Amino acid sequence: MTTTTGVKDDAIEYTYKAKADAGNTEKLLDVAIANIAFSKTGEMAYVKDSLKINGTAATSQVQQAFIDGNYTQIAAQAALAAGAELNVSYKMTIKNDTIQTLTNSAALTATALDNSVAIGAAKGIAFNFTTLNIKKQENKADVWQNIKNASVPNEDWQGPKLGDEMAVAETAGNPGDVIGYRFTITPKATNSASILNAALEDIMMNIPADMQLQDVDPASPGMKIKMIVSGYVPMDVTPQGVDSFANLKAVQLFSPLAKGKSIQVFYRGKISPTAKTEKITNDANFHATNIVGNLPTDSTVTDKEHKIKANTATLNVVSFQPKLTKKVRVIKEGATAPTSFADSIEARPSDKIQYRIEIAPDAKKALTDIAVEDVLDQNLTVPNTVQVQYQLADGTWGRQ
């Protein structure tokens, strides 16, 4: 008896070897591998065109007869001379992810085969049994999410990495900053099979309105989601119709993903100019049809099976608050010196009043497209022109 171990989707090769006795006085005729039988049916699937006889692919007729006969008999050779060897092999894949043991039996049949015994309706010599121990698949992966402020020179990716797997993925940014997101999926070295039908799913940003989805690479206009697989060139995996974080829900990934390879997924967002001081979080789950693991029962995701939750990436938005100051004064005709601006004044009918509005940007960020709106009391008459003065970076003043 020979024994091996496998898991779902593994290809198992079965080999039958026989040798005609050197002292035979005649050739063995109509040599076949017959009465092939598993201890349980429906658990294995034949690998197309895998049947070989003496190392050569079997003819299409022999292949088809094997299939039509429900994989129970192989017409191996018309004649086998004295001392000649016969080697027949084929492959079957394991269909189900179930712990069980399957045995396989078969017999060698031929015309006028001495020492043969009753094998079903025929007579032959039984091969030894083979035993296949099927284990449950154990496929796992590390799933990391990283974040960085791409507008900050030399900022590195924040979050988990080799040697610091529990690092927090968190950064800060201001309106207008571009934020990068990166997911890394690495199969475990102990996996029993390649990961199948991989995808990022349940992608959710808590305040999608305050982040604008950007092209991930300036050199590739229109590419919103980029995937890099070990040994392959970068690929555009942007789902059709996705143009914002509000409708970015899932991304199909490379499959099958074998041990020793990894996937990285990248996308970018620009903090909205109107974003407030707030926390913007980004979450996603990794899904594969043969991955071990389910989401916790308290997860709000409906489909929890075969998923691994990525760590959360957090963006601390610090909104700019320009300083706005409004002062007022009375303009006195003929005065040798103007009165000073103040928070409040006393004025009489027909007095000319001048208002001054000062806008001072945050020290970290310049302002663009400035517009000022002021509502005056209905008892005031507004002149036809409004004078605007502005101070340049060198300290000088401009006027318009």
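The values are calculated or read from the model by the stated rules, or taken from the named source; none is laboratory data. Everything numeric in this text was worked out from a predicted model, so none of it was measured. Note: ideal-geometry Cβ built from the backbone for every residue, glycine included; neighbour counts use all protein chains shown. With ligands, DNA and RNA removed, areas are computed over all heavy atoms of the protein, side chains included. Shrake-Rupley method; radii C 1.70, N 1.55, O 1.52, S 1.80 Å.
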> Using the C-alpha atoms of the chain, what convex hull volume per residue, in cubic angstrom, is computed?
Replying inline: 235
> In the Gaussian network model of the chain, springs joining C-alpha atoms below 10 Å, which of Ala246, Ala32, Ala284 carries the largest mean-square fluctuation?
Replying inline: Ala32
>> Under 10 Å, Cα contacts only: if you run a Gaussian network model on the chain, which one of Asn96, Asn24, Asn133 comes out with the highest mean-square fluctuation?
In response: Asn24
>> Using only the alpha-carbon atoms of the stretch 259-318 as identical scatterers, what base-10 log of I(q)/I(0) does the Debye formula give at q = 0.23 Å⁻¹?
In response: -1.02
>> Rounded, prolate or oblate, given the Cα gyration tensor of the stretch 1-102, with a/c below 1.5 counting as rounded?
In response: prolate
>> In whole Hz and in residue order, list the ³J(HN,Hα) couplings for the stretch 284-295 that follow from phi through the Karplus curve 6.51 cos²θ - 1.76 cosθ + 1.60, θ = phi - 60°; x for Gly and Pro.
In response: 6, 10, 8, 10, 8, 5, 10, 8, 8, x, 10, 5
>> I'd like the distance between the alpha-carbon centres of the stretch 10-38 and the stretch 142-205, rounded to an integer number of Å.
In response: 56
>> Connecting C-alpha atoms closer than 10 Å in a GNM of the chain, tell me which of Asp283, Asp298, Asp68 has the biggest fluctuation.
In response: Asp298
> In debye, nearest 20: dipole of the chain around its Cα centre with unit charges on the Cβ of K, R (+) and D, E (-)?
Replying inline: 240
> Setting aside same-chain residues fewer than 8 positions from Lys123, which lysines have a Cα under 25 Å from its Cα?
Replying inline: Lys17, Lys19, Lys27, Lys40, Lys52
> Among all the lysines, which ones have a C-alpha under 28 Å from Lys332's C-alpha, if same-chain residues fewer than 8 places away are not counted?
Replying inline: Lys352
> Label-point separation (nm) for Glu373 and Lys249, each offset 7 Å from Cα along Cα-to-Cβ?
Replying inline: 3.6
> Ignoring ligands and nucleic acids, what accessible area does His306 show with a 1.4 Å probe (Å², nearest 10)?
Replying inline: 70
> For the stretch 288-350, what value does the Rg/Rh ratio take when both radii are computed over Cα atoms and Rh is the Kirkwood radius, given to two decimals?
Replying inline: 1.70
> How big is the convex hull of the Cα atoms of the stretch 233-371, per residue, in Å³?
Replying inline: 245
>> Once you compute Rg and the Kirkwood Rh from C-alpha atoms, what is the Rg to Rh ratio for the stretch 72-226?
In response: 1.33
> In nm, to one decimal, how far is the modelled label at Ile331 from the one at Thr312, with both set 7 Å along Cα→Cβ?
Replying inline: 5.6
> For the stretch 87-189, what is the accessible area per residue in Å², given a 1.4 Å probe and the full set of protein chains?
Replying inline: 48
>> Starting from the 7 Å offset along Cα-to-Cβ, what nm value, one decimal, do you get for the label separation of Thr5 and Val178?
In response: 5.0
> What does the charge count near His287 come to, summing +1 for each Lys or Arg and -1 for each Asp or Glu among other residues with Cβ under 9 Å from its Cβ?
Replying inline: -3
> Met204: accessible area at probe 1.4 Å, nearest 10 Å²?
Replying inline: 110
>> Students often get this wrong, so check it: of Lys224/Lys323; Lys95/Lys259; Lys188/Lys279, which have C-alpha atoms separated by over 29 Å?
In response: Lys224/Lys323; Lys188/Lys279
